[in-house]
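Structure first, then comments.
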Amino acid sequence: MTRSFFYKAMAAGGAVALISGCAAIGLGGEPDARWADYKNWTRVNENPSTGASPGLGAVHLGPEGYRVVYVNDIGRDTILGDGPYEYPEGTVVVKEQYKNEAAYNSASGAAVTVSLKVGSGAGADTWQWADSYTSSAGESAFCSGCHSIPFAKDFVFSNVEYLAANE
C-alpha cells in the first residue's frame with residue numbers, strides 16, 4: 001500500500017465519519033412543523049457568511065460554503081440582540097448552506113441544518129439538532145461537541161455579534 005493510497009483512504013474515512021455523525025440524528029420524510037415555513041422567518045444575516053471562521057472546520061460546507069441563517073419569532077430578539085444570549089425554549093435556528101457563491105446566487109442545492117431549543121437554561125441537553133430540512137430533531141454529540149465552543153452564547157454561533165465579526 002502506497003502512502004498516497006493510505007492518506008486518501010484516511011481522508012475518505014474521515015469524511016464518512018463526519019457525515020455519519022450528523023446523519024445519526026435521523027432522517028424523516030416531511031419537514032417538522034416547527035421549521036417547515038422557515039423561509040418566512042427573520043433572516044439573521046443580510047449577506048451570507050462565508051470563509052474560515054472559528055470552530056467551523058469542514059462542517060456546514062466549510063470555508064467555501066455560503067451560509068444563511070433564519071430564526072423563528074421566539075428566538076428573534078435574542079439572536080439579534082447584544083446579549084446575554086440565553087435563548088428561550090422553542091427557539092428554532094435554521095441554517096441554509098450552499099457549496100459556493102454560484103449555488104447561493106442561483107438559490108439551488110442548499111443543505112439545511114436546524115437547531116431547536118427544547119429546554120430552559122444553558123447546556124447541551126437543552127438543544128436538539130436536525131441535519132436536514134426533513135430530518136427529525138434529536139440529541140447529537142457531534143453537533144453539541146462543536147456547538148459547545150460558543151457555550152457562553154447558549155450554544156449558538158449565529159448571533160449578530162458573531163456574524164458581524166466573521167463576515
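The values are calculated or read from the model by the stated rules, or taken from the named source; none is laboratory data. In this text the structure is predicted, and so the values were computed from the model without any measurement. Ideal geometry is used to build each Cβ from the backbone, glycine not excepted, and the neighbour counts take in all protein chains shown.
Just give me the residues in segment 75-86 being surrounded by 15 or more Cβ atoms within 10 Å (Cβ to Cβ) and either at pLDDT 85 or above or on the phi > 0 side of the Ramachandran plot (or both), in sequence order.
At the first step, the residues of segment 75-86 found to be surrounded by 15 or more Cβ atoms within 10 Å (Cβ to Cβ) are 75-76, 78-79, 85.
Within segment 75-86, G75, R76, T78, I79 qualify.
Sort out which residues of segment 43-57 are within 17 Å of A103 (Cβ to Cβ), at pLDDT 80 or above and either touching a helix residue (DSSP H, G or I) at 6+ places or on another chain (Cβ under 6 Å) or among the aliphatic types (A, V, I, L, M) (or both), and write them in order of number. Can you show your working first?
We begin by selecting, within segment 43-57, every residue within 17 Å of A103 (Cβ to Cβ); these are 45, 47-51.
With the extra rule that they be at pLDDT 80 or above, the set shrinks to 45, 47-48.
Hits for segment 43-57 are N45, P48.
Could you please find all residues in segment 114-123 being in contact with a helix residue (DSSP H, G or I) (Cβ under 7 Å, 6 or more places away or on another chain) and closer than 23 Å to V68 by Cα?
Of everything in segment 114-123, those that are in contact with a helix residue (DSSP H, G or I) (Cβ under 7 Å, 6 or more places away or on another chain) and closer than 23 Å to V68 by Cα turn out to be K117, V118.
Quick one: is S115 under 19 Å from S49 (Cα atoms), in a loop (DSSP other than H, G, I, E, B) and without any contact (Cβ under 8 Å) to a residue 60 or more places away in the chain? Break it down into steps so the answer makes sense when it comes.
Working: under 19 Å from S49 (Cα atoms): yes; in a loop (DSSP other than H, G, I, E, B): no; without any contact (Cβ under 8 Å) to a residue 60 or more places away in the chain: yes.
When the stated conditions are applied, S115 does not pass them.
Looking at (1) assigned to a loop (DSSP other than H, G, I, E, B); (2) among the hydroxyl-bearing types (S, T, Y); (3) at pLDDT 90 or above, which is the one condition that is false for Y70?
The number of the failed condition is (1).
Would you mind telling me which numbered condition in (1) part of a helix (DSSP H, G or I); (2) closer than 20 Å to K39 by Cβ; (3) at pLDDT 90 or above H60 fails?
(3)
Kindly indicate the residue of segment 93-106 that is out of contact with any helix residue (DSSP H, G or I) (no Cβ under 7 Å at 6 or more places or on another chain) and modelled with pLDDT of 90 or more and also surrounded by the most Cβ atoms within 10 Å (Cβ to Cβ) among those meeting that condition.
Applying the first criterion (out of contact with any helix residue (DSSP H, G or I) (no Cβ under 7 Å at 6 or more places or on another chain)) to segment 93-106 yields 96, 100-106.
Retained after the next criterion (residues that are modelled with pLDDT of 90 or more): 96, 101-106.
Values: E96: 22, E101: 13, A102: 11, A103: 17, Y104: 20, N105: 11, S106: 9.
Only one residue fits best here, namely E96.
Of all residues in segment 79-104 being touching a residue at least 40 places away in the same chain (Cβ under 8 Å) and in a helix (DSSP H, G or I), which is nearest to W127 (Cα to Cα)?
Here the answer is I79.
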